[in-house]
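Below: one structure, written as structure tokens.
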Amino acid sequence: MADAPADELFGLPDPNEEGLSKNEKKRRLKAIAKAKAAAGKPKKVQGPGKKKNQGKKVEEEETDPTAYYENRVRSMNALETAGVNPYPHKFQISCLIPAFCKTYAHLENGQSAEGETVQLAGRVMSVRSSSAKLVFYDLVADGEKVQVMASAKSFTSSEEFATFTNSIRRGDIAGFVGTPGRSKRGELSLLATGAQLLSPCLHMLPNARVGLSNVEVRYRQRYLDLMLNDSTRQVFQTRARIISYVRRFLDTRGFLEVETPMMNMIAGGATAKPFETYHNSLEMKLFMRVAPELYLKECIVGGLDRVYEIGRQFRNEGIDMTHNPEFTTCEFYWAYADYHDLMAVTEEMLSGMVKEMFGSYVIEYHPDGPKGEALKVDFTPPFARIPMIAGLEE
């Protein structure tokens with residue numbers, strides 16, 4: 001009996017059909033050849049105990065965020081039914097992750113701090129499964145990351161290990177108890193002996209490889225921006241350091257910090273359009289302040305010779321990427337001083353701030369964003385003194 005044609009054996013279109021173009025015939029012959037080659041290869045038999053995703057990152061990244069949310073809610077409900085609280089009241093940490101990294105940086109490869117127990121907590125930003133009984137987590141908090149190595153044999157029971165590893169996902173906040181150590185590959189780690197889910201992340205995070213770059217999402221969901229972009233955290237920290245330096249600089253020179261009203265009967269102190277509000281008890285319309293100037297000058301009149309205020313101003317005007325109707329200013333007033341004194345103290349403040357924060361008077365500025373061309377700005381004193389009219393004319 002003659003062998004059946006290859007196209008019938010593999011359920012593929014007949015390459016000898018009449019009226020076919022050369023390209024179509026060639027395509028069909030290629031498909032049959034590929035099917036023959038696949039049929040001739042022996043099938044790989046999966047060994048006992050081995051998992052298809054072994055050694056791969058364990059991340060439940062479903063295509064549909066709604067389905068991901070629903071699955072996570074069901075998972076948390078199942079935990080509660082089993083008597084596990086996914087939102088425990090308290091987890092006592094013994095060390096912050098930055099302090100952990102600094103304290104145990106001396107550990108050599110393969111070494112552990114025997115006899116020491118540390119409790120860490122943070123957000124799980126990566127889950128990697130080496131086997132069914134060994135899982136690695138990247139734990140992030142306070143801008144630092146540490147690896148957590150969770151092994152079934154180190155936990156109190158295999159049930160506890162299975163319950164935790166099956167419920168934890170990327171984005172969850174978790175607490176770990178264990179011994180500090182360093183892996184054979186040189187990664188500072190916490191060798192976990194126990195773990196607890198502290199707060200599950202019910203919504204799917206953006207892919208770790210792609211990140212979060214959509215400006216609209218970053219600005220409207222700043223918590224997500226902070227979670228995924230370390231550069232955003234650095235902006236927050238830099239802003240706090242600037243305000244702290246300005247406050248310390250003025251305090252050490254005898255200035256008194258005051259707070260003045262933010263709601264005024266008149267919108268004075270600057271030429272700007274104010275926001276309006278209404279005071280129910282007084283039954284009167286008030287304006288959000290556009291500047292603290294008038295009240296600070298009243299302090300000077302009252303005998304507070306050196307005053308300043310760091311606070312919010314509100315101007316109901318334009319808005320764009322670099323202009324916000326609600327913004328922070330620092331205004332200081334100094335009796336018995338003239339503009340020469342103000343120029344000197346401003347020069348000292350700015351140059352000293354840059355030197356303390358960056359270790360140099362010269363910094364790089366990216367006017368077109370981090371990926372744009374960098375400009376160097378030199379704050380080395382003394383600054384140039386330019387007459388106002390002549391400078392404008394120039």
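The values are calculated or read from the model by the stated rules, or taken from the named source; none is laboratory data. What you are looking at is a predicted structure, and each value in this text was computed from that prediction instead of being measured. Cβ atoms come from the backbone with ideal geometry, glycine included; neighbour counts cover every protein chain shown. SASA here: full protein model, heavy atoms, side chains in, ligands and nucleic acids out. Shrake-Rupley method; radii C 1.70, N 1.55, O 1.52, S 1.80 Å.
Among the residues of region 362-377, are any hydrophobic (A, V, I, L, M, F, W, C) and either touching a Cys at 6+ places or on another chain (Cβ under 6 Å) or in contact (Cβ under 8 Å) with a residue 24 or more places away in the chain (or both)? Looking for residues that are hydrophobic (A, V, I, L, M, F, W, C) and either touching a Cys at 6+ places or on another chain (Cβ under 6 Å) or in contact (Cβ under 8 Å) with a residue 24 or more places away in the chain (or both), one finds none in region 362-377, hence no.
Say we look at region 288-312 and pick out the residues that are part of a loop (DSSP other than H, G, I, E, B) and charged (D, E, K, R); which of these is nearest to residue 334 (Cα to Cα)? Applying the filter and picking the extreme gives 305. All conditions but one from (1) of a type in the set (Gly, Ala, Ser); (2) open to solvent by less than 40 Å² (accessible area, probe 1.4 Å); (3) over 25 Å from the mean Cα position of the chain (by Cα); (4) farther than 20 Å from residue 97 by Cα apply to residue 183; the one that does not is (4).
Of the helices (runs of 4 or more DSSP H) entirely within region 201-287, those holding at least 2 residues that are in contact (Cβ under 8 Å) with a residue 24 or more places away in the chain and either open to solvent by less than 60 Å² (accessible area, probe 1.4 Å) or within 30 Å of residue 74 (Cβ to Cβ) (or both) occupy 230-251.
Taking the criterion of being among the charged types (D, E, K, R), in contact (Cβ under 8 Å) with a residue 40 or more places away in the chain and touching a Phe, Trp or Tyr at 6+ places or on another chain (Cβ under 7 Å), the only residue of region 288-309 that qualifies is 306. On inspection, residue 125 does not qualify as open to solvent by less than 80 Å² (accessible area, probe 1.4 Å) and without any contact (Cβ under 8 Å) to a residue 60 or more places away in the chain.
For region 265-277, the criterion of being more than 30 Å from residue 357 (Cα to Cα), at pLDDT 95 or above and polar (S, T, N, Q) is met by at least one residue.
Every test in (1) in contact (Cβ under 8 Å) with a residue 12 or more places away in the chain; (2) open to solvent by 60 Å² or more (accessible area, probe 1.4 Å) is passed by residue 333 save one, and that test is (2). Can you confirm whether residue 257 is out of contact with any strand residue (DSSP E or B) (no Cβ under 8 Å at 6 or more places or on another chain) and among the acidic types (Asp, Glu)? So residue 257 fails the test. Among the residues examined, residue 170 does not qualify as over 25 Å from the mean Cα position of the chain (by Cα) and buried (at least 17 other Cβ atoms within 10 Å of the Cβ).
Counting residues in region 187-210 that are out of contact with any helix residue (DSSP H, G or I) (no Cβ under 9 Å at 6 or more places or on another chain), small (Gly, Ala, Ser) and at pLDDT below 95 gives zero.
With the structure loaded, tell me whether residue 149 is farther than 26 Å from residue 226 by Cβ, open to solvent by 30 Å² or more (accessible area, probe 1.4 Å) and in a strand (DSSP E or B) or whether it fails that test. When the stated conditions are applied, residue 149 passes them.
Applying the selection to region 343-390, what residues are in a loop (DSSP other than H, G, I, E, B), of a type in the set (Phe, Trp, Tyr) and out of contact with any Leu (no Cβ under 7 Å at 6 or more places or on another chain)? Matches in region 343-390: 361, 383. Within region 62-112, the set of residues being among the charged types (D, E, K, R) and open to solvent by 80 Å² or more (accessible area, probe 1.4 Å) comprises 70, 74, 80, 90, 102, 108.
Here region 128-146 is the region considered, the condition is being open to solvent by 50 Å² or more (accessible area, probe 1.4 Å) and touching a helix residue (DSSP H, G or I) at 6+ places or on another chain (Cβ under 6 Å), and the residue that is nearest to residue 164 (Cα to Cα) is 133. Among the residues examined, residue 343 does not qualify as touching a residue at least 60 places away in the same chain (Cβ under 8 Å), at negative phi and surrounded by 11 or more Cβ atoms within 10 Å (Cβ to Cβ).
Taking the stated definitions as given, is residue 156 open to solvent by 40 Å² or more (accessible area, probe 1.4 Å), more than 27 Å from residue 232 (Cα to Cα), of a type in the set (Val, Ile, Thr) and modelled with pLDDT under 95? Spelling it out, residue 156 is indeed open to solvent by 40 Å² or more (accessible area, probe 1.4 Å), more than 27 Å from residue 232 (Cα to Cα), of a type in the set (Val, Ile, Thr) and modelled with pLDDT under 95.
Is there a residue in region 288-295 that is basic (Lys, Arg), out of contact with any Lys or Arg (no Cβ under 8 Å at 6 or more places or on another chain) and open to solvent by 90 Å² or more (accessible area, probe 1.4 Å)? No, region 288-295 contains no residue that is basic (Lys, Arg), out of contact with any Lys or Arg (no Cβ under 8 Å at 6 or more places or on another chain) and open to solvent by 90 Å² or more (accessible area, probe 1.4 Å).
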